[in-house]
1. Mind listing just one residue for me: the one in the range 33-60 that is of a type in the set (S, T, N, Q) and over 11 Å from the mean Cα position of the chain (by Cα) and, of those, surrounded by the fewest Cβ atoms within 10 Å (Cβ to Cβ)?
2. Being polar (S, T, N, Q), exposed (fewer than 10 other Cβ atoms within 10 Å of the Cβ) and not in a loop (DSSP other than H, G, I, E, B) is the filter here, so list the residues in the range 1-32 that pass it.
3. Going through the range 2-12 one residue at a time, which ones are hydrophobic (A, V, I, L, M, F, W, C) and within 20 Å of Gln44 (Cα to Cα)?
4. Condition first: outside any loop (DSSP other than H, G, I, E, B) and without any contact (Cβ under 8 Å) to a residue 24 or more places away in the chain. Now tell me which residues in the range 33-47 satisfy that.
Amino acid sequence: MDNELIYLDTYVLQQDMRIRMPKSILENLNLEKGKSRLKIYYDQLNKSLVLKKEEKDRDE
């Protein structure tokens, strides 16, 4: 998996547990603020968090 990773930036975890997303993530994944959803996975082998764009539209 490491050879597939592209480093984008480093951010400090905010006091209220938020993580600021680098603008390059929004641009590269075509995400919209307040609308796009990300699935969060934990990769136990590499001790890493993985964020994946939710592809299906949610009508709720």
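Nothing in this text is a laboratory measurement; each read-out follows from the coordinates by a stated rule. Source: prediction; values computed, not measured. Cβ placement follows ideal geometry from the backbone for every residue including glycine, while neighbour counts extend to all protein chains displayed.
1. Taking the range 33-60 and keeping what is of a type in the set (S, T, N, Q), we get 36, 44, 46, 48.
From what is left, the residues that are over 11 Å from the mean Cα position of the chain (by Cα) are 44, 46, 48.
Values: Gln44: 7, Asn46: 11, Ser48: 12.
Here the answer is Gln44.
2. In the first step, residues of the range 1-32 are kept if they are polar (S, T, N, Q); the result is 3, 10, 14-15, 24, 28, 30.
Narrowing further to those that are exposed (fewer than 10 other Cβ atoms within 10 Å of the Cβ): 3, 10, 14-15, 30.
Correct list: Asn3 only.
3. Taking the range 2-12 as the starting set, the residues that turn out to be hydrophobic (A, V, I, L, M, F, W, C) are 5-6, 8, 12.
Listed by number, the residues that qualify are Leu5, Ile6.
4. We begin by selecting, within the range 33-47, every residue outside any loop (DSSP other than H, G, I, E, B); these are 38-43.
Of everything in the range 33-47, those that are outside any loop (DSSP other than H, G, I, E, B) and without any contact (Cβ under 8 Å) to a residue 24 or more places away in the chain turn out to be Leu38, Lys39, Ile40, Tyr41, Tyr42.
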